Amino acid sequence: MEGEHKSQKLSLFYESGVYSFDDSNAVFVDSVRVLNRFYHRFSVSPSLYYSRFFKTQTTPNAVSSTVTPSPRKRKRKRRESRPLNERELIALQRHQEARPLLLAAHECLLKSTEVLNALKTLKSEPSCSTKECDGGQRSFVDLGHVAPQLEVTLSLRLSDNDADPHPLPKDLDDLPSGQCCVEKVLRAFNNLVANDTQDDAVAKILSNSYIMPRESCFYMSDLGQIRNLIPAHADSGFNLIMVDPPWENASAHQKSRYFLSLPIKQLTHTEGALVALWVTNREKLRCFIEAELFPTWGVSYAATFYWLKVKENGSLICDLDLFHHRPYECLILGYSPGKVNNTDNLSEFKPVKNDRVIMSIPGDYSRKPQIADLLLEHVPGLKPPRCIELFAREILAGWVSWGNEPLYFQDSKHFVKKMIQ
């Protein structure tokens, strides 16, 4: 029975990309498998998504909170220790409270040979090798300033279930029966660009191609245009609001301008929203969120999740107790109240529980794991919910992605074109 149970869980992991450990508040997320559920003709390349950790492969020998350090080429002078200041003491206390949870979660992963073996197969996945996947990264931040009228050509495949008033047939011999292709030329900036079909779409800007998953859209702009996303009626607002601010680039002035001024209340659905905010371990930011940001947004704190970063062999990316470089980040969750007090709706979602640990292999710099599946049951209001990500650098199926570079990880160079179409 135990073997059958593990087999079923592993099969579900291969399908969903999410593995829940028994009798634990911990999960492992393979973001590549999660993302590839929403693409038909393309797939995300594991070797590119996890490129930082696919250079070498080792096996952890024992359950440990540390990683075996590589030999140092030269000795560094030891800095004299100094007493911790008040803010550092608070940060240390937060870490000590989280430490047992993180160690227990990591132990679950290291004991799960089926998950560790599954991770080894990621290296055997094909890498990007077709012409359709050629591309060079462009800076949309710069393009937005020098070419604000830039256009995007959106190629859509329509099936019998997708309605379009003016279909334009193209390459019909290459399309499956019941499908046709249309092209739309739209403004790339300060405009809602949507793939409302059940298939992947290709968006071309200049010489680059970008892959959009089904039923997705993006609005590429600076903060001055975000209010164009505020719905005319609150019942068209959003139930799940993900925020991944560029904390490392923020000065004190930017924090006031870019973060405090985000229209969270106006974006919230009339029945309320779950707000999920990514934050690093800098205590200054945690204090800012608790004392200023959430109160200004009108968001009430609900829980904290931890993202524990591991390598493809299950070991942590660095020592758990490194003071200025922890191998984890936090997701702060809160609720933005709606404009109606619908008591019937309270039974339709589960209140979020504190201290959940999410383990995954990190992608490119600052790219977060795909955790939407873990949040959906805690979202008030509509089912399926209306979702938006602020400061997005990728596009998700069923979501609105806003930011000044939401196409960053949609460049075709990150994808493999499937042989069967």
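What to note about this one:
- Any hit, the range 337-354, residues being polar (S, T, N, Q) and surrounded by 21 or more Cβ atoms within 10 Å (Cβ to Cβ): no
- Residue that is modelled with the lowest pLDDT, among those in the range 406-421 that are open to solvent by 10 Å² or more (accessible area, probe 1.4 Å) and part of a loop (DSSP other than H, G, I, E, B): 421
- The number of residues in the range 200-228 being at pLDDT below 95 and closer than 29 Å to residue 377 by Cβ comes to 1.
- The residue that is farthest from residue 273 (Cα to Cα), among those in the range 229-260 that are of a type in the set (A, V, I, L, M) and modelled with pLDDT under 90, is 252.
- Residue 403 open to solvent by less than 10 Å² (accessible area, probe 1.4 Å), among the small types (Gly, Ala, Ser), on the phi > 0 side of the Ramachandran plot and in contact with a His (Cβ under 6 Å, 6 or more places away or on another chain): no
- Looking only at residues in the range 210-226 that are assigned to a helix (DSSP H, G or I) and aliphatic (A, V, I, L, M), the one that is least open to solvent (accessible area, probe 1.4 Å) is 226.
- Here is the figure for the range 266-282: residues that are buried (at least 18 other Cβ atoms within 10 Å of the Cβ) and assigned to a helix (DSSP H, G or I) total 1.
- Residue within the range 168-179 that is part of a loop (DSSP other than H, G, I, E, B), exposed (fewer than 12 other Cβ atoms within 10 Å of the Cβ) and modelled with pLDDT of 75 or more present: no
- Look at (1) modelled with pLDDT under 80; (2) exposed (fewer than 12 other Cβ atoms within 10 Å of the Cβ) and you find that residue 127 fails only one, number (2).
The values are calculated or read from the model by the stated rules, or taken from the named source; none is laboratory data. For clarity, every value in this text was computed on a predicted model and none was experimentally measured. No Cβ is skipped: glycine too gets one built from the backbone with ideal geometry, and neighbour counts run over all protein chains shown. Areas reflect the complete protein model, heavy atoms only, side chains present, ligands, DNA and RNA absent. Shrake-Rupley method; radii C 1.70, N 1.55, O 1.52, S 1.80 Å.
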